[in-house]
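What follows is calculated from the coordinates using simple rules that are stated; it is not laboratory data. Fair warning: this is a prediction, and the values are worked out from it, not measured in the lab. Every residue, glycine as well, gets a Cβ built from its backbone with ideal geometry; the counts of neighbours run over all protein chains shown.
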Amino acid sequence: AVVAAEAAAAADGFRAASVDRARGAEDEPTRHVTAESVWGGAGATEGNDGGSDNAFSFTPTSLTESDQAYACLHADLLAVHFRLALAVGLLDQREEADHRLNRVVRKVQKREDQTVIFGVKSTHELKRESTALERADTVPPNPVPTEARLLAQVNANPWQKAILLVQMAALRPKQEQRAAVLEDAAACLLSAERGERELHAAAPPAQPLPTAGAAAGAGAIGAEASLASARGGGGGGKRTLVPGVPSILCRTSTSVTLVPPALTRLKSPIADKPPPIAVAYMILAKAYGTGLAPGAHNTELPNTGVRFPIGTTPSVTVTGLDPNETYCFAVAAVDAAGEIINGLGAATGAIATMYPM
């Protein structure tokens, strides 16, 4: 079990290195969003083919064959790890039951040795001892504490949860119990696929990013417009008080890479006042479900709260995240005086720290 866990961790490390190697590639926005083809159109959801003329159409992943193979290997190693961990849990339960049984046997034997003092055991005492021996020797068919620990470990990762549930189903003694656990696993798979489809549909277009030198030479405003064009944000449209939702470029088990929204269409909250000009932006992040959206004080994580010049930093990777947890992110536009313009932008939904499978 320990070796299997180490192997799964090694696969995780290889996939993190693969993400790093893809930095700046033209297909980076979609390479690590899904490990498989996205069926039914990029924007499809369950029961909806995303407006595609062909319900069986698909957008192929740009993940390399070797990376896809490692995704499969990662899933296989996780399955082996969970299977062995559950087996060890069963052994631990059996060992604990043996200790309980030995304690009860010693207690029963002690009472036998005291027959001269307390007399022959009554029918009630014999029945009570029999019940105690039976309970002490009873072991559940599945390792409940181990299952609870592993479920807490996979947490918000629907791929890993599905893999774990499949292994747990094999330990259920009744057919209906196995079927119920497998139904939960199938629901996790659907949820994971739906999430990848949504990220794929919202991903920036696969276009070359502007170089830092070209962006710097064009000036802050021109560079930001170039960035918005490269990322599909555009410079037109209705002005807003605060930035929009950042795009998710890719994610690993401990990091999320984000692309800021276009920041050239901000407006002043005061009518007839010139629109503010953003020269930098910063990312705010926090654990999802712990209250409100990210605030200006949520700068504890690496690369959060840092002022990045617009145009020269097309994306930001927030690191130091916990595996299989969910986080939300927001962008704040910053003016030349270093002040946040009109408050923080719209926040993302729950983004889980996980690899595609």
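Couple of notes before you dig in:
- Put a dot 7 Å past the Cα of A152, heading toward its Cβ, do the same for V139, and the two dots end up 2.3 nm apart.
- Spin-label proximity, D20 to region 301-326 - amide N less than 17 Å from point 7 Å beyond Cα toward beta carbon: 302-303, 316-321
- Phi-derived couplings, Karplus 6.51 cos²θ - 1.76 cosθ + 1.60 at θ = phi - 60°, listed residue by residue for region 147-157: 4, 4, 5, 5, 5, 5, 5, 6, 6, 8, 8 Hz, with x used for Gly and Pro.
- Most to least packed among 69-79, 175-185 [average Cβ atoms within 10 Å]: 69-79, 175-185
- Whichever lysines have a C-alpha closer than 26 Å to that of K121, once near sequence neighbours (fewer than 8 apart) are set aside: K107, K110
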